[in-house]
1. Please provide three numbers in whole Å: the alpha-carbon extents of chain B along the principal axes, with the largest listed first.
2. Under 16 Å from a point 7 Å along the Cα-to-Cβ line of B:D183: which residues of segment B:139-153 have their amide N that close?
3. Take B:H201, A:H92, A:H306 and order them by how many other Cβ atoms sit within 10 Å, fewest up front.
4. Please provide three numbers in whole Å: the alpha-carbon extents of segment A:155-213 along the principal axes, with the largest listed first.
5. Determine the calculated [θ] at 222 nm for chain B from helices alone, applying -39500 (n - 2.57) to every DSSP H run no shorter than 4 residues and normalising by the residue count; nearest 500 deg cm²/dmol.
6. Hey, how many Å between the Cα centroid of segment A:81-145 and the Cα centroid of segment A:170-190?
7. With angles folded into 0 to 90 degrees, how steeply does helix B:124-137 sit against the dominant principal axis of chain B? Use alpha carbons for both and round to 10.
8. Once the convex hull of the alpha carbons of segment A:76-199 is built, what does its volume come to per residue, in cubic angstrom?
Amino acid sequence: MIVEYFSLLDPAALMRNIPGTVAQGLIWGIMALGVYITFRILDFADLTVDGSLATGGAVAVMLIQGGMHPAVSLIFAFLAGMLAGMVTGLLHTALGIPGILASILTQISLYSINLGIMGKANQSVGITQQNLVASIKYVSADDSLVFFAKMILGCLILVAAVYWFFGTELGASIRATGCNPQMARAQGINTNYTKVLALMISNGLVGLSGGIYAQYQSSADVNMGRGAIVIGLAAVIISEVIFGKLCAGKKIAFAYTLAAIFVGSILYYMACSLVIWLKVDSNYMKLFSAIVVAFFLAVPYLKEKHAVKNRRAK
Amino acid sequence: MGYMLEIQDIHKTFNKGTINEKVALNGVNLNLNPGDFVTIIGGNGAGKSTTLNAIAGVWAVDEGKIIVDGTDITRLSEHKRAVYLGRVFQDPMTGTAATMSIEENMAIAARRGERRGLGWGISRKERDSYREQLRELNLGLEDRLSSKVGLLSGGQRQAITLLMASLKKPKLLLLDEHTAALDPKTAAKVLEISDKIIVEHNLTAMMVTHNMRDAIAHGNRLIMMHEGRVIYDVAGEEKKKLHVSDLLAKFEEASGSEFANDRMMLS
């Protein structure tokens, strides 16, 4: 039976999947970059992501259907994401709702709003649509290398932009807010403002990611963001586990850390495609993602606990 | 010349209307002249730190007015008042951002009260100036500008927080038991740095302490608080002549009890 199982596995199929997996990883890496901003820099568990990803996709697809250039539609996908982040930020800062709950409220309301934008649960881009920023078709096209070069370049530009921003006075005030809000306020930083701003930038990136991904798969779906936060966290955590030590101490360590998130995202999708290739029922993918994230989030905690125990024992 | 700080009859009650109701400030009045360095002592719950928090705007007071150098700040939010205030806290973790470098922390403090825009967070010129100022602390921090503050000891963090408080000259420096969490030797060093910074920049300062000797040895004025009020206020020559025993007597007189069990320390 085991022999039979292995004979069914086709190594060539796994290899064939790699380019598509890389493209998907890069696109979702943009979303993970947004998750990094809230989760690691601002220290805010933002679940808006699950809704704002689909919002970005919905906005992009509807604008393309209306005749807009796909690249321009991404600006609006970004802005729509920012708006979603702003709502979460204001619910939290102006109305005093706990952060995670504020983001859940936005996420839920976005489900209705996304349906409103699209008019139904799913909208697609025409098969003949030109000038898409990303598309599955490009992956298997003759000049796929050009496509990948452009994708990687685009991601590096985003990394550079985020790196630059968090090095500015304004960016530093967001980092201080995430690290120690009491210190930030004592230094004259309006922490409500910085929180809202960080949530807007984060969700802007998530919306952008959704817009590109909708173009990639030629459609936007109201459920396309379900579980996105977990994928984003998985990408961030995988990148930290693998590259954390390598990045530390480098002159522009933060830029490496940001770039590593894209690698983390690609590795996550590689792992997924491997699991599917092993003929595991794809219904279990979300369970698999959650277990991976729970495991890696628990590791530092358990390590610390173990270390404390050892110290006491001595 | 007007007062640098005027506190007019401020009141604060926490958890009003519940069984945990606690009157923390019960009509505090205090005026500080420019250049005053006042030490504040008192037992637990006397309202020392609460007074500093009221000035800093951690929460709004129920009644009364707080005026800094002629500006009424009673209704200003915490981050807006920061323009006028330098603050150092009891917990060395509170005053700095642990995951940011020494120079980044200082650059943030140097921009207190200024608009933070898209200019780069720190300039080369600033970096050189920070290095010089750190050198003067004599803690070997001048070569560690890009080290994360989280890696430093409590004393080093307090010294940096002091420096940060003075980068942008504050109208008022608030020291909230900032040596209480340190070992005696480090505490003495941090106090020495505090004195130096206050003198150098000619700052008006308030220092809460549990240590009566420190309260006598530092500053030009001393106040004792009890049950949310100022009960004793002494300055100048009279303050210099004080002994710990005088303060103990004063405290017993005010509270009608001995405070052998209190957290106030004699040494």
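Quick note: the coordinates plus some simple rules give every number you see, no bench work behind them. Not measured: the values here are computed from a predicted model. Cβ sites come from the backbone with ideal geometry, for glycine too, and all protein chains shown count toward neighbours.
1. Here the spans come out as 58, 42, 39 Å, largest first.
2. Backbone N within reach: B:152-153.
3. The order, fewest Cβ neighbours first, is A:H306, B:H201, A:H92.
4. Taking max minus min along each principal axis of the Cα atoms, segment A:155-213 gives 41, 19, 13 Å.
5. Per the formula, -10000 deg cm²/dmol.
6. 29 Å
7. Compared with the principal axis, the helix lies near 50 degrees.
8. Measuring per residue, one finds 142 Å³ for the Cα hull of segment A:76-199.
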